[in-house]
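Report on the following structure.
The values are calculated or read from the model by the stated rules, or taken from the named source; none is laboratory data. Keep in mind that what you see is a predicted model, and the values were worked out from it rather than measured. Here the Cβ positions follow ideal geometry from the backbone for every residue, glycine too, while neighbour counts run over all protein chains shown.
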């Protein structure tokens, strides 16, 4: 999500102030947007026959260690890595590495330029 703002210092300063307030309002609106955030624990391919045979209690094994590094995605783009943690009764992720702000903006569809 790229936001272009042009302000002019020549002429009427009232227009410049309005443009600045308008830009600030747009940035606040963008920062308030919600995007899906997900962590994929594991993936694998399965034959259709095996998928159709899944029943309650079936255990599907993945070639991933239980304490492997997980990848956090925002809007289906990777933005950080971390370890699985228990947070109360919920699952969470403790971030161990995170992309720069510019990389995260680019992942969310912006141009990544500050």
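Scanning segment 23-45 for residues that are farther than 24 Å from residue 79 by Cβ and surrounded by fewer than 11 Cβ atoms within 10 Å (Cβ to Cβ) turns up 25, 45.
Do we find a residue being assigned to a loop (DSSP other than H, G, I, E, B), touching a strand residue (DSSP E or B) at 6+ places or on another chain (Cβ under 8 Å), exposed (fewer than 14 other Cβ atoms within 10 Å of the Cβ) and modelled with pLDDT under 90 anywhere in segment 107-114? Checked against the condition, which is being assigned to a loop (DSSP other than H, G, I, E, B), touching a strand residue (DSSP E or B) at 6+ places or on another chain (Cβ under 8 Å), exposed (fewer than 14 other Cβ atoms within 10 Å of the Cβ) and modelled with pLDDT under 90, segment 107-114 yields no hits at all.
Number of residues in segment 40-86 that are out of contact with any helix residue (DSSP H, G or I) (no Cβ under 6 Å at 6 or more places or on another chain) and closer than 16 Å to residue 104 by Cβ: the value is 10.
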